[in-house]
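The values are calculated or read from the model by the stated rules, or taken from the named source; none is laboratory data. Note that the coordinates shown come from a computational prediction; the quantities given were computed from them, not determined experimentally. Neighbour counts are summed over all protein chains in view; Cβ atoms, including those assigned to glycine, are modelled from backbone coordinates with ideal geometry.
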Amino acid sequence: MSKKKDLRIGLVGYGFMGRTHSNAYRRIPNFFPELQYNPILKAVCARNEERVTAFAEQWGYESIETDWRKLVARDDIDAIDICTPNNMHAEIAIAAAEAGKMVLCEKPLARTVAEAQPMVDAVEKAGVPNTVYYNYRRIPAVTLAKQLIDAGKLGKIFHYRANFLQDWTISPELPQGGEGLWRLDNSAAGSGVTGDLLAHCIDTAMWLNGGIKDVSAMTETFIKERVHSKTGVKQEVTIDDACLFHCHFDNGSLGLFESTRYARGHKAHYTFEINGEHASIKWNLHDLSRLEYFDHRDESIERGWRSIHVTDEDQPYMDKWWVPGLSIGYEHSFVHQIADFLKALEEGKPCSPTFREAQETQKVCEAVLESAKSRSWKDTGVEWK
Ligand code: SOE
């Protein structure tokens, strides 16, 4: 007889992220059998009944809802997982927390700091477990970077550099708004690449290298007007298509960040490099199982960059998967996040990044956008522990 406890999931939204989360829940019992909580795909919710029914069948959800309020009110749901466009996060998360549900939310937490704060307050007041899907932390090579830094291998850190480059919005014919394209509509997304892509880079950076103190940024919107899919009318584009910023970290290191959807040839090229007194590391999403490492303490004749293939069972998460030498992929970062959430639940601990931690990333994003607008340095007000 299984001693496992069911954790009944209600998922809102069935787009790209709905698929990554659903896939992750389904992998948990197979690859993390030791966990006490067993995710049950209880219900999926979206407005279009026909399509949500098809999604439920495809991914094995027991039931559907077409109104998220009904989902949140159900007493056979323990956790609400939010995969909607950003403008819906706050309302759903607050209602879910008030109904006593755990809340797992896609990134970014919200469109602005002001919108995110009542979400933080609601989960904390209700005392419900919560987390935000900054999934790249849980790619084994990235987690290994964290372990090397925390072990002091790099020594004092001088530089942190990150890029997130894409090229999917170059065509002026692409409309703004609507399914798949809400990321181009400021009212749904809250910002362009800053909240969508740089937020990932900022989350990873603060996790690895501590708080970001102040920023100086520039943004650009290359295509000034696009047809809105809802109205059919050409209207102003108010998202940032590209954003560059530099910053000071609390530990005295300098940061340099760039993100754009106009880097022809790059589909999702997330990279970072960290330079310390003794050693440097670099990582890129296109070769996600490898962590590049240079250690100046190596004997000089054999000193050089080594490429660590992070697939051994003593490396982060890899004891859960295949055998040494065989890689895993992007989707596994979501499996790891949910596994860590379930483990934290067992132990009665928070699962990082919590809403409160994700709010610190919001603060940096907002300071970046304000700095670009005012052409001046901005303090972030981040309190990173
Ligand atoms: C945008 O294209 C996007 O899907 C982001 O929304 C995700 O967060 C990122 O991981 C990949 O790119």
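So that you can scan it fast, the table gives a plain yes or no per residue for (1) free of Cβ contacts under 8 Å to residues at least 12 places away in the same chain; (2) under 19 Å from the mean Cα position of the chain (by Cα):
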position	(1), (2)
287	yes, yes
301	yes, no
308	no, no
324	no, no
340	no, yes
344	no, yes
* Asked: Going by the structure shown, is residue 212 in the same structural domain as residue 355 (by TED's automatic domain parsing) and within 16 Å of residue 161 (Cβ to Cβ)?
  -> yes
* Of all residues in segment 1-14, count the ones that are more than 16 Å from the ligand (Cβ to nearest atom) and either among the aliphatic types (A, V, I, L, M) or within 21 Å of residue 107 (Cα to Cα) (or both). => 6
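Could you tell me whether any residue of segment 266-280 is of a type in the set (Gly, Ala, Ser), within 16 Å of the ligand (Cβ to nearest atom) and either over 20 Å from the mean Cα position of the chain (by Cα) or within 30 Å of residue 323 (Cβ to Cβ) (or both)?
Initially, segment 266-280 is screened for residues of a type in the set (Gly, Ala, Ser), giving 268, 276, 279-280.
Of the ones still in play, those that are also within 16 Å of the ligand (Cβ to nearest atom) are 268.
Filter once more, keeping what is either over 20 Å from the mean Cα position of the chain (by Cα) or within 30 Å of residue 323 (Cβ to Cβ) (or both): 268.
Checking segment 266-280: at least one residue is of a type in the set (Gly, Ala, Ser), within 16 Å of the ligand (Cβ to nearest atom) and either over 20 Å from the mean Cα position of the chain (by Cα) or within 30 Å of residue 323 (Cβ to Cβ) (or both).
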* Asked: Looking at this structure, is residue 191 of a type in the set (S, T, N, Q) and within 13 Å of the ligand (Cβ to nearest atom)?
  -> yes
* Kindly indicate the residue of segment 141-183 that is more than 16 Å from the ligand (Cβ to nearest atom) and polar (S, T, N, Q) and also surrounded by the fewest Cβ atoms within 10 Å (Cβ to Cβ) among those meeting that condition. => 147
* Structure fact -> Taking segment 154-206 and keeping only residues that are acidic (Asp, Glu), in contact with a Pro (Cβ under 9 Å, 6 or more places away or on another chain) and more than 30 Å from residue 305 (Cβ to Cβ), one is left with 185, 196
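Restricting attention to segment 105-125, which residues are touching a residue at least 40 places away in the same chain (Cβ under 8 Å), surrounded by fewer than 24 Cβ atoms within 10 Å (Cβ to Cβ) and either assigned to a helix (DSSP H, G or I) or not basic (Lys, Arg) (or both)?
Of segment 105-125, the ones touching a residue at least 40 places away in the same chain (Cβ under 8 Å) are 105-113, 115-117, 119-120, 123-124.
Keeping just the survivors that are surrounded by fewer than 24 Cβ atoms within 10 Å (Cβ to Cβ) gives 107, 111-113, 115, 117, 120, 124.
112, 113, 115, 117, 120, 124, listed by residue number.
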* On the given criteria, is residue 334 touching a His at 6+ places or on another chain (Cβ under 9 Å) and either in a helix (DSSP H, G or I) or closer than 24 Å to residue 240 by Cα (or both)? -> yes
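Quick grid of which residues meet (1) aliphatic (A, V, I, L, M); (2) in contact with a Ser or Thr (Cβ under 9 Å, 6 or more places away or on another chain); (3) more than 22 Å from residue 337 (Cα to Cα); (4) in contact (Cβ under 8 Å) with a residue 12 or more places away in the chain:
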site: 140; (1), (2), (3), (4): no, yes, no, yes
site: 147; (1), (2), (3), (4): no, no, no, yes
site: 152; (1), (2), (3), (4): no, no, yes, no
site: 169; (1), (2), (3), (4): no, no, yes, yes
* Restricting segment 15-29 to residues that are of a type outside the set (S, T, N, Q) and within 15 Å of the ligand (Cβ to nearest atom), which is surrounded by the most Cβ atoms within 10 Å (Cβ to Cβ)? -> 21
* Asked: Considering segment 194-218 alone, what residues qualify as being within 16 Å of the ligand (Cβ to nearest atom) and of a type in the set (A, V, I, L, M)?
  -> 197, 198, 199, 202, 205
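Restricting attention to segment 254-311, report how many residues are of a type in the set (Asp, Glu) and part of a helix (DSSP H, G or I). Before you say what the answer is, go through the steps one by one.
If we filter segment 254-311 for residues that are of a type in the set (Asp, Glu), which is where we start, we get 258, 273, 277, 287, 292, 295, 298-299, 302.
Now restrict to residues that are part of a helix (DSSP H, G or I): 287, 302.
Going through segment 254-311 one residue at a time, the tally reaches 2.
So that you can scan it fast, the table gives a plain yes or no per residue for (1) within 30 Å of residue 154 (Cα to Cα); (2) of a type outside the set (Ser, Thr, Tyr):
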| residue | (1), (2) |
| --- | --- |
| 211 | yes, yes |
| 239 | no, yes |
| 246 | yes, yes |
| 265 | no, yes |
| 270 | yes, no |
* When you look at residue 90, is it touching a strand residue (DSSP E or B) at 6+ places or on another chain (Cβ under 9 Å) and closer than 28 Å to residue 196 by Cα, yes or no? -> no
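Among the listed residues 26, 19, 8, 47, identify the single one that is part of a loop (DSSP other than H, G, I, E, B) and within 26 Å of residue 86 (Cβ to Cβ). It would help to see each step written out before you state the result.
Values: 26 fails: part of a loop (DSSP other than H, G, I, E, B); 19 fails: part of a loop (DSSP other than H, G, I, E, B); 8 fails: part of a loop (DSSP other than H, G, I, E, B).
Exactly one residue qualifies, and that residue is 47.
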* To do: Could you check segment 133-228 for helices (runs of 4 or more DSSP H) lying wholly inside it with 3 or more residues that are closer than 30 Å to residue 327 by Cα and in contact with a strand residue (DSSP E or B) (Cβ under 8 Å, 6 or more places away or on another chain)?
  => 140-150, 199-209
* Kindly establish whether residue 106 is more than 16 Å from the ligand (Cβ to nearest atom) and of a type in the set (D, E, K, R). => no
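Mind listing just one residue for me: the one in segment 39-51 that is in contact (Cβ under 8 Å) with a residue 24 or more places away in the chain and surrounded by fewer than 22 Cβ atoms within 10 Å (Cβ to Cβ) and, of those, farthest from residue 93 (Cα to Cα)? Let's see the steps before the verdict.
At the first step, the residues of segment 39-51 found to be in contact (Cβ under 8 Å) with a residue 24 or more places away in the chain are 39-46, 51.
Within this subset, residues satisfying the condition of being surrounded by fewer than 22 Cβ atoms within 10 Å (Cβ to Cβ) are 40-42, 51.
On the way: 40: 20, 41: 19, 42: 18, 51: 23 Å.
Selected residue: 51.
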